[in-house]
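Trainee: Below are the structure tokens for one structure; questions will follow.
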Amino acid sequence: MEKYECTVCGYIYDPEVGDEDTGIAPGTSFNDLPDDWECPLCGSPKEDFEPVEE
């Protein structure tokens, strides 16, 4: 699964880790995140994330 980076603060959403602070279980792909999910560091909307080039 692909990682996504917040273009505002640089936070990396890693689907293998999830975002347990907001109830997102490990193994949840970025595309399966709720539309109202926000960056846990800066509060930016999901639209401000881009795929990480590896």
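The values are calculated or read from the model by the stated rules, or taken from the named source; none is laboratory data. Bear in mind that the values here come from a model prediction, so they are computed numbers and not experimental data. As a convention, Cβ positions derive from the backbone with ideal geometry for all residues, glycine included, and neighbour counts pool all protein chains shown. All accessible areas refer to the heavy atoms of the entire protein, side chains included, with ligands and DNA or RNA removed. Shrake-Rupley method; radii C 1.70, N 1.55, O 1.52, S 1.80 Å.
Trainee: What ranking do 22-30, 7-15 get when scored by the average of other Cβ atoms within 10 Å per residue, highest first?
Mentor: 7-15, 22-30
Trainee: Also, I was wondering about something else. Hey, can you grab everything whose amide H is under 5 Å from the amide H of Ile24? Only 5+ residues off in sequence or another chain; H modelled, so Pro and N-termini drop out.
Mentor: Asp19
Trainee: If I compute solvent accessible area with a 1.4 Å probe over the protein chains, what percent of it on the chain is carbon and sulfur?
Mentor: 43
Trainee: So, with +1 on the Cβ of K and R and -1 on the Cβ of D and E, and no other charges, what is the size of the charge dipole of the chain about its Cα centre, to the nearest 20 debye?
Mentor: 80
Trainee: Hey, another quick one. How much length would be gained if the chain were fully extended between Glu2 and Glu54, taking 0.36 nm per residue of separation minus their Cα-Cα distance, in nm to one decimal?
Mentor: Full-extension gain reported as 17.8 nm.
Trainee: A follow-up question, please. Relative contact order of the chain, please, whole-number percent, based on alpha carbon pairs below 8 angstrom and at least 6 residues apart.
Mentor: For the chain, the relative contact order is 40 percent.
Trainee: Measuring with a 1.4 Å probe in the full set of protein chains, what accessible area per residue, in whole Å², belongs to the chain?
Mentor: So the chain comes to 65 Å² accessible per residue, rounded to a whole number.
Trainee: Okay, moving on. Under a crude label model (7 Å from the Cα following the beta-carbon direction), how far is Glu20 from Asp35 in nanometres?
Mentor: With each label placed 7 Å out from Cα toward Cβ, I get 3.0 nm.
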